Amino acid sequence: MCRALAELKNLPLPGIAAHGVVDDIARKMAESISGVQASSGGEARAVFLGNLAQHHPSYSQIHALAQEVAKLAGASFGVLGEAPQRRCGGGRRDSGRGPWGSLRSRG
């Protein structure tokens, strides 16, 4: 999509996207985030990476590509951090014996 976005906006291709392939899906995604479509004019745009991306072996490349996509699209960029899992009652799932369990006061 990075390559499609650069082509759509007639901007120089970022080096990290040099080997990217442009297909119809990439073009549609580029049009959507770039604001070229009439329905998206003037709307705020953002690119976020989440938990799955952070745990991918190629995260550094994914991060760099996402930053370039955001830059080319004039969008904000952010990384959503991993949040602790909670039970319905609001308590933590761990038993208190994890790495932070030993730091809790037992008194």
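What follows draws every value from the coordinates through simple rules; no lab data is involved. Computed from a predicted structure; not experimentally measured. All Cβ positions, even for glycine, are placed from backbone atoms using ideal geometry, and neighbour counts span all protein chains on display.
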Problem set entry | Dipole moment magnitude, nearest 20 debye, the range 2-79 about Cα centre, only Lys, Arg, Asp, Glu C-beta charged | 100 debye
Seminar exercise, completed: Highest mean packing first, using Cβ neighbours within 10 angstrom, the peptides 67-74, 21-28 sort as 67-74, 21-28
For this session: Quick one: which residues, 5+ away or cross-chain, put their amide H under 5 Å from the amide H of VAL79? H built at 1.01 Å from N.
Result: LEU49
Exercise. So, by mean Cβ neighbours within 10 angstrom, what's the order for 45-58, 3-16 with the highest one leading?
Worked result: 3-16, 45-58
